[in-house]
């Protein structure tokens, strides 16, 4: 081994090989976490997407281990390894530049060619195309370094164990650093550049100290610089022209859009509106308006008094703003509203772009954890918590809704926003409604026209619908009274089935994906037919 290290510059000592193992392990985990943030704005960050990312990366690493071991046995030359690291560094740096276009290209192709599991297949293919190759190259590091560092069988166990420790320590740091430091501070794009840059420097030091064709590294350096410059030229939603804010938090990709008559928050590029504020202060035409029927269904309706309200999944406070804006028209003297929002950055945006009234108290906490710690009771509890486009499983179970009931007053009303409307008896809405029916004896639902939302009202008293009609008389705002009449005419009593979600078993991601597939197919049915008849030229002609 000493003979093999002659004229190897920095590799004359094992410490650089151990550092290589350390930074390779760190970069693998950083790229994995970066992958989740790159995919989340398009496909969500659900457990399904995480499973795809982890599975894809493990495939790449396994193949890399096999190839790396065979290559090291056949060609025991460190330069081959550091060339692979150099290529991996450049590929990782290119991800922020071309990754979003690859994702949209794959999504655009699949959306007109497949009929089910669109998000799953699209996320898997995007992961394979973007991330498998660089992680395959990094997967060759460990078996190659074992070849270069083991001097004899007498100390092979010690050397391999040391390499494994360096890899593990690097992986630990690579797990925490992006999540808590680089992504919140400088974003996903810079995170790819930082860790790609670390690998680039690692390879350049080797070639510089060993004088092995160092001049050939000029092109990779130039390519990295080009990626660094171009990576910031476009956003995740690069086709949008009216974004006033785009950023990331620990929990979400965030974009704020000004449409002229409203300001909208979205945590996903392709799906949904999480919050909205109307510049003219009128009704939104969305589910927030329908949810204002909840106070009117309470026999303790505080006409001239105070209403205690809790909102789980506050967002930027659309529901709170609507209730406060129409408080006088509802004849309520005061509203004490508490909003729980896990993402502190969304709360910051609510003050910056959405005019959240200062009278609304916002707590940055998990909704269920807040209920477990809080002792107050409320006249109305609004449940509107979503993780991207899926429901957090811990806020969809019978245990959670039992906790909600315990925090309602005796005649209190819970209103739940279900954002994936479906009439299937096995849809996620059916599961949620059946689960709620196991806790609350009286349930009504109403579909919000022109949207995919369904509002569910639940209480322990039987007179929600008669009370809604009776309390319409106290409404002094004509638009609100007309809307509440529409809600009353459209609302239906829910007949419970046998589906049940529990803390132990709540497959909300799979159920949600099924509904999303159906919605996509319904929305794009025309384009699918055009594609079958006229191919891509037919679709382009329509656009």
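A short reminder: the numbers here are calculations on the coordinates, not readings from a lab. Keep in mind that what you see is a predicted model, and the values were worked out from it rather than measured. No Cβ is skipped: glycine too gets one built from the backbone with ideal geometry, and neighbour counts run over all protein chains shown.
With label points built 7 Å along Cα→Cβ from the Cα atoms of residue 208 and residue 451, find their separation and express it in nm.
5.7 nm
Output the antiparallel fraction of DSSP beta bridges having both residues in the chain, as a percent to the nearest 5.
60 percent
Packing-wise, with mean Cβ within 10 Å as the measure, how do 390-399, 101-110 rank, highest first?
390-399, 101-110
Order by neighbour count: 74, 279, fewest other Cβ atoms within 10 Å first, most last.
Starting with the residue having the fewest Cβ neighbours, the order is 74, 279.
Using a 10 Å cut-off on Cβ atoms, rank the peptides 335-347, 476-488, 132-144 from the highest mean neighbour count down.
Taking the mean over residues of other Cβ atoms within 10 Å, the ranking is 132-144, 335-347, 476-488.
Starting from 0.36 nm per residue, how many nanometres of slack lie between residue 225 and residue 482 once their C-alpha separation is accounted for?
86.5 nm
On C-alpha positions alone, give me the angle between the axis of helix 183-210 and the longest principal axis of the chain, in degrees, nearest 10.
In the chain, helix 183-210 runs at an angle near 0 degrees to the longest axis.
Specify the inter-centroid distance of the stretch 16-51 and the stretch 377-419, based on alpha-carbon positions, in whole Å.
Taking the Cα centre of the stretch 377-419 as reference, the centre of the stretch 16-51 is 33 Å away.
Relative to the longest principal Cα axis of the chain, at what angle does helix 428-437 sit, 0 to 90 degrees, rounded to 10?
Between helix and principal axis, roughly 50 degrees.
Return 53, 120 ranked ascending by Cβ neighbour count within 10 Å, so the fewest neighbours appear first.
In increasing order of surrounding Cβ atoms, one gets 120, 53.
Rounded to the nearest whole Å³, what is the per residue volume of the convex hull around the Cα atoms of the stretch 309-354?
Residue-normalised Cα hull volume stands at 65 Å³.
Could you tell me the center-to-center distance, by alpha carbons, between the stretch 321-355 and the stretch 96-169 in angstrom?
Cα centroid of the stretch 321-355 versus Cα centroid of the stretch 96-169: 44 Å apart.
Which of the three applies to the stretch 327-486, rounded, prolate or oblate, going by the alpha-carbon gyration tensor with a ≥ b ≥ c and a/c under 1.5 meaning rounded?
rounded
Treating the angle as unsigned and between 0 and 90°, give the value, to the nearest 10°, between the Cα long axis of helix 218-230 and the longest Cα principal axis of the chain.
The helix 218-230 is inclined about 10 degrees to the chain.
Report the gain in length on full extension from residue 300 to residue 173: 0.36 nm times residue separation, minus Cα-Cα distance, nm rounded to one decimal.
Gain in length upon complete extension: 40.3 nm.
Neighbouring Cβ atoms within 10 Å as the yardstick, rank 446, 229 fewest first.
Lowest to highest Cβ neighbour count: 229, 446.
If you take every DSSP beta bridge fully contained in the stretch 281-505, what fraction is antiparallel? Give it as a percent rounded to 5.
Looking only at bridges with both residues in the stretch 281-505, the antiparallel portion is about 45 percent.
State, as an integer percentage, the relative contact order of the chain based on alpha-carbon contacts under 8 Å between residues 6 or more apart.
Once normalised by length, the contact order is 15 percent.
Where does the chain land at 222 nm, in deg cm²/dmol rounded to the nearest 500, when only DSSP H runs of n ≥ 4 count, each adding -39500 (n - 2.57), divided by all residues?
Per the formula, -17500 deg cm²/dmol.
Rounded if a/c is under 1.5, else prolate if a/b is larger than b/c, else oblate: which is the stretch 407-483, with a ≥ b ≥ c the root eigenvalues of its Cα gyration tensor?
Taking the square roots of the gyration eigenvalues as a ≥ b ≥ c, the stretch 407-483 is oblate.
Rounded, prolate or oblate: which fits the chain, taking a ≥ b ≥ c as square roots of the Cα gyration tensor eigenvalues, rounded meaning a/c under 1.5, else prolate when a/b beats b/c?
Prolate.
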